[in-house]
Amino acid sequence: MATIDVPEQVSVLADAEALRKACKGWGTDEKAIISVLGHRNAVQRKQIRLAYEDLYQEDLIKRLESELSGDFEEAVYRWILDPADRDAVLANVAIKKLSPDHHVIVEISCTRSPEELLAVRRAYQARYKHSLEEDVAAHTKGDTRKLLVALVSAFRYDGEEINTRVANSEAKVLHEAVKDKEFNHEEIIRILSTRSKMQLMATFNRYRDDHGTTITKNLEGDSGDEFLKTLRPTIRCLNDPKKYFEKVLRNSIRRVGTDEDALTRVIVTRAEKDLKDVKELYYKRNSVPLDQAVAKDTSGDYKALLLTLLGKED
Amino acid sequence: MALPVHIEALDKAFSGIGVDEKSLISILTNSNEEHKRSLRKGSSKLFIEDENGFERWDQSSIKILKHQFNRFRDAVVLSLLHPWERDARLIEKAIRKGPKHYNVIVEVACTRSSDQLLGARKAYHSLFHHSIEEHLTHIKGRERKLLVALVSAYRYEGTGVNEDVAKSEAQILYEAINNGDKNKLLDHEDAIMILATRSKQHLQALYRHYSQSYGKTLAQDLEGEGILKDTVECLCTPQTYFTRVLEAAVKEDADEESKRALTRVIVTQKEQLVQEGFVPNKIQDILLGLYKDFLLASIASGDIK
């Protein structure tokens, strides 16, 4: 379930005016920006941008980019974009890093629906004049590259059907691969990048039933292996995305200093999806409400925006 | 008594691609039992003398006849299907029928636009309740990796090619073909990545650099390499590929699959063929009947508006 709190009646014209007012003159009224944008869904945000452009012949995003700064600016920028466009930006940022953030690419390709992933691929092309898969291919290598390209290129069947025979045999294949540490990467990549999500869940369940432990537990251990570092989040995202997001949030806050990139990314991308469920998981796991943990670890307008997206009442 | 000219006409009615329906009507509808018996006796291709004293229809020619009569039907169906369903069904059939048909998968994946290929993938979900990639799992051979990569592509279609990258990737391919183990080309990760992820414009630039740098075309260097050559041709020089397929269809010794390609290529490439001013000189003589009319009319210019 989503966490953002959207009022019943919304006037995008009034919103555009309010944002204009917040940006005009000396300084910026960040609170006003948060109170408008933080309570609008993707469709409304898009309409506000269009209204703003109409009224003031200016790109709202560019205006905000010039008025804001730091973590707050990054968060607002990511929040205001269309979900597909946002994912394209996140992917590109992840790819272009000196040491690419493979897990972000995994996250995007494995937790979005097949249609959503297609939309991301289109948005990526429109923005960057390359296909997502060619940029991933150009910036990664080896088996990690094979896995990542396969994951971003996948168009999984979206149906509920499960073939238990296949679940059985592929659970075996995965177990062999995991047990031996001599991973048969080809087979793992094939299974994880082509099967439908329902089919994969059946396979993972079968694995757990047959071996008394989840496949992710079996993959824990040495983090030296590049392929493993990408494989683990892949299986986690496919198996239980909410649990995966809880873990990312937990790690982003727990670390000395906060991983704002990860914190922003998860909150912004899940606020309209399943952040509520992730919050419940977080509380179960950590005995501390997520809002509280975020409030403790962040400050200023950045903190205010995150808390708004988390559904905290003003 | 059937005149030799009738027997000849009967044979001829079945001896091309398609069936000469008009000729058959004129020969058979006025034919009494006497006449037909001498037709059967005279036609060595279709009938054989049975030991029990009658002219029996030769088993293998019945099968061929079935194919011949179905050509018009297949052309009609293929022509009417939504392109997405059409392409999804072509791919599914090719996967089922085996290695000799994999070029059809390459053809669809590489000659359609990015959005058309996406559409085919969606249609495949609806029709077969699996993704194409999943069904390609059934392929045990080394072609699987390349095929999965090709059908999964959503290539950028804009202009703007980095010539330096195209040139260096031409070199990667050159070295893969000439210095490496040619048998292992299908396992060459970089080569597959280049062919499966780069835009067609980029690959066409790569193709040019290859010819300029090495004095032969990439396709020539892949002679004998089956679907790898098909891949390169479909992406870089589709006209060459389709011309080759059409000409193979009308050769003397063409097998049934090659002949079927005629329907597939003419129907699916109709717009392009018309645009290129394709003249069916080499193929029209062997076509017969309604099938011939259908194909030739398809590529005569002028759509119904």
### Message
Can you give me the distance in nm between label points at B:N70 and A:S69, each placed 7 Å from the Cα along the Cα-to-Cβ direction?
### Response
7.3 nm
### Query
How big is Rg to Rh over the protein assembly as shown, alpha-carbon atoms, Rh as the Kirkwood inverse-mean-distance radius?
1.08
### Message
When a/c reaches 1.5 or more, the comparison of a/b and b/c decides; with that in mind, is region A:92-145 rounded, prolate or oblate per its Cα gyration tensor?
### Response
oblate
### Query
How many square angstrom of accessible surface are buried between B and A, both sides summed, with a 1.4 Å probe and rounding to 100?
2400 Å²
## Note on the structure
Only helices counted: for the protein assembly as shown, with every DSSP H run of 4 or more residues adding -39500 (n - 2.57) and the sum spread over all residues, [θ] at 222 nm is -21500 deg cm²/dmol
### Query
Other chains near B:190-199: what is the mean number of their Cβ atoms within 10 Å of each residue's Cβ?
5
### Message
Along the Cα→Cβ direction, 7 angstrom out, place labels at B:N179 and B:D115. What is the inter-label distance in nm?
### Response
4.2 nm
### Query
Could you state the principal axis extents of the C-alpha atoms in chain A, from the largest down, to the nearest angstrom?
65, 46, 38
### Query
B:I17's amide H: which non-local residues (gap 5+, or another chain) put their own amide H closer than 5 Å, with H modeled 1.01 Å from N in plane and none for Pro or chain starts?
B:L287, B:L288
### Average beta carbon contacts from partner chains per residue of B:109-117, 10 Å cutoff
1
### Task
Return, for the Cα atoms of region A:173-314, the radius of gyration and Dmax in Å, separated by a comma.
17.3, 54
### Task
Report the relative contact order of region A:164-239, percent, no decimals, based on alpha-carbon pairs under 8 angstrom and at least 6 residues apart.
33 percent
### Message
Order B:127-138, A:209-220 from most to least packed using the mean count of other Cβ atoms within 10 Å.
### Response
B:127-138, A:209-220
#### Entry: B:I48/B:E189 FRET efficiency (R0 45 Å; Cβ-Cβ; nearest 0.05)
0.20
### Inter-site label distance for A:M1 and A:T213 at 7 Å from Cα along Cβ, in nm
3.6 nm
### Message
Among B:90-97, A:126-133, how do they line up by average Cβ neighbours within 10 Å per residue, starting with the highest?
### Response
A:126-133, B:90-97
### Task
From zero up to wherever the largest Cα-Cα distance of chain B sits, split into 20 Å bins and tell me the percent of pairs in each.
29, 49, 19, 3
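Please report, as a whole percent, how much of the solvent-accessible surface of chain A comes from carbon and sulfur atoms (probe radius 1.4 Å). Spell out each step's value before the answer.
Details: 6970 of 14310 Å².
About 49 percent, which is the carbon plus sulfur part of the accessible surface.
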### Summary
Inter-part gap, Cα centre of region B:20-86 to Cα centre of region B:131-160, in whole angstrom, is 40 Å
### Residues A:D59 and B:Q204, FRET efficiency given R0 of 30 Å [Cβ-Cβ distance, rounded to 0.05]
0.30
### Query
Which whole number gives the average, over all residues in A:122-129, of C-beta atoms from other chains lying within 10 Å of the residue C-beta?
3
### Query
Normalised by the residues of region A:50-206, what does the relative contact order come to in percent, with Cα pairs under 8 Å and at least six apart?
17 percent
### Query
Which distance in Å, rounded to a whole number, links the C-alpha centroids of region B:238-305 and region A:75-106?
47 Å
### Query
Hey, any idea what Rg/Rh is for region B:1-66, computing Rh the Kirkwood way over Cα pairs?
0.95
### Query
Hey, what did region A:1-143 get for relative contact order, percent, Cα under 8 Å, at least 6 apart?
17 percent
### Alpha-carbon centroid distance for the pair region A:287-314 / region A:233-255, whole angstrom
19 Å
### Query
Any idea of the accessible area per residue across chain B, 1.4 Å probe, to the nearest Å²?
50 Å²
### Query
Of the accessible area of region B:233-305, with the probe set at 1.4 angstrom, what percent is carbon plus sulfur?
51 percent
### Query
In the protein assembly as shown, what cysteines have no partner Cβ closer than 4.7 Å?
A:C23, B:C236
### Message
Order A:11-19, A:266-274 from most to least packed using the mean count of other Cβ atoms within 10 Å.
### Response
A:266-274, A:11-19
### Query
FRET efficiency for B:E21 and B:E252, Cβ-Cβ distance as r, R0 = 22 Å, nearest 0.05?
0.40
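Any number yet on Rg/Rh for region B:155-236, C-alpha, Kirkwood?
Numbers: Rg = 11.6 Å, Rh = 12.6 Å.
That ratio equals 0.93.
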## Note on the structure
With no solvent term and unit scatterers on the alpha-carbon positions of region A:164-239, Debye gives log₁₀ I(q)/I(0) at q = 0.12, 0.22 Å⁻¹ of -0.27, -0.99
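The values are calculated or read from the model by the stated rules, or taken from the named source; none is laboratory data. Quick caveat, the model's predicted, so the values are computed rather than measured. Every residue, glycine among them, receives a Cβ derived from its backbone with ideal geometry; neighbour counts consider all protein chains shown. Ligands, DNA and RNA are stripped out before the accessible areas are found, and what is left, the full protein with its side chains, is counted by its heavy atoms. Shrake-Rupley method; radii C 1.70, N 1.55, O 1.52, S 1.80 Å.
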